[in-house]
Amino acid sequence: MTAPATPLVVHVIYALGTGGLENGLVNLINRTPPNRYRHAIICLTESGSFAGRITVPGVPIIALHKRPGHDPAMYWRLWRALRRLRPAIVHTRNMAALETQLLGLLMPRTRRVHGEHGRDVHDLDGSNRRYRWLRRALAPLIQRFICVSQDLAQWLVEDVGIPGRKVVQLYNGVDHERFASPGPKPADWPAHWPADALVVGTVGRLAAVKDQQTLIRALAHSFQMRPDLRKRVRCIVVGDGPERPALEVAIAAAGLGEAVWLAGDRVDVPALLGAMDLFLLPSLGEGISNTVLEAMAAGLPVIATHVGGNPELVIEGETGHLVPVGDPAALAAAVLPLLDDPARRRAFGEAARQSVRERFDWPRTVAGYLAVYDEVLGRDTR
């Protein structure tokens, strides 16, 4: 008797670029036991170099090259790809891919899961009526909604109106050992920086929603308040994206060229975090921040904006501080006391590391995803 084929999960995403959503997907694929589920990825637009981080052999990655705006032909290409792959589950992520669940009407045997990893960049407060209506309209086709934060899960049930029985909350994980042992500073570390520099930094795509502009303004404000810090405090901004030219202009205009290093996209993030004394996240919106989890795993105190899932990660006054969105003065006011107090930085950092060890790890996260897949398929893997 032939054994049944291992079920295939097809993940439909907008693009396989650099980001928290993509990082979580790659970790799920790499950490899934091969006898439990197979995986494939369909990118509505393009597949980037991030695909190289997938270590499991034989994972199909299909790019549909969607044109800007409405592209009806893309749905035909998607339908052909799904018909060829014959998935047991289609797992879409975020608003950009949600409407592709309409194809579920043509695939009655396929089970459907949708992931909410953060509110849309054009709808940071989640109030867009069209987006809410679309989620409610497609909910009958979707067996489970997976949210990466309690904030998103509560919003989906209470504000959008998705039945609570369909909503599952699963945090992202973090590789503790990778960030606990960062290794030496990168070879391209700025040679002109003082050996005893106090280093603040952030990691994330250079996009408007990440609001690195507020970080630059906060640094300038700090130097105005405390001119003595100009010689010693330095800032690393890790990541790349469309906002880089504007950031370069802002850094030059503020006279911070010697103090700020735009390090670009990196594969040595653990080493860069290991060289920091304080991690800052000035985002306008977040689902759950992988970079905050990684910074905490690296033993760093964190100052983050009070948005999305950030309050679920940063414990005010224990592992860091939460500040209002778009407020350079408030960010500077939170940073300055920690720069002056190494003992408090160490205490916050150790508490942060302990918090993520107790609450966030990839085995737990992957087990949660596989349990959802088993449930919607009615599989008993005991």
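Computed from the coordinates by the stated procedures, all read-outs in this text should not be read as laboratory data. Since we're looking at a predicted model, the values are computed, not measured. Please note: Cβ atoms are built from the backbone with ideal geometry, for glycine as well, and neighbour counts cover all protein chains shown.
Annotations for the structure displayed:
- When each of 221, 117, 122 is scored by the number of other beta-carbon atoms lying within 10 Å, the sequence from fewest to most is 122, 221, 117.
- Summary of packing: across the peptides 245-251, 214-220, 285-291, the per-residue average of other C-beta atoms within 10 Å ranks them, highest first, as 285-291, 214-220, 245-251.
- Take every DSSP beta bridge whose two residues both sit in segment 164-311; close to 5 percent of them are antiparallel.
- Whole-percent pair-distance distribution, where bins are 10 Å wide, for the alpha carbons of segment 176-359: 10, 41, 40, 9, 0
- Relative protection proxy for 39-50, 61-72, from highest mean packing down: 39-50, 61-72 (other beta-carbon atoms within 10 angstrom).
- Take each peptide in 333-340, 53-60, count the other Cβ atoms within 10 Å of every residue, and average; sorted highest first, the result is 333-340, 53-60.
- Under the Karplus curve 6.51 cos²θ - 1.76 cosθ + 1.60, θ = phi - 60°, whole-Hz ³J(HN,Hα) for segment 278-289, x wherever Gly or Pro sits: 7, 10, 10, 9, x, 4, 7, x, 8, x, 9, 8
- Taking all Cα pairs closer than 8 Å and separated by 6 or more residues, the relative contact order of segment 176-359 comes to 26 percent.
- Value of relative contact order over the chain, rounded to a whole percent, pairs C-alpha under 8 Å and six or more apart: 15 percent
- Share of Cα-Cα pairs in the chain lying beyond 40 Å, as whole percent: 18 percent
- Kirkwood hydrodynamic radius of segment 1-102, from the reciprocal of the average inverse Cα-Cα distance over all distinct pairs: 14.1 Å.
- Angle in degrees between helix 212-225 and the longest Cα principal axis of the chain, rounded to the nearest 10: 20 degrees
- Under-28-angstrom lysine pairs by C-alpha in the chain, whenever the two are 8 or more apart or on separate chains: 4
- Dimensionless Rg/Rh of segment 158-198 - Kirkwood Rh, Rg from C-alpha atoms: 1.39
- Tilt relative to the chain, helix 244-253 - C-alpha long axis, 0 to 90 degrees, to 10: 10 degrees
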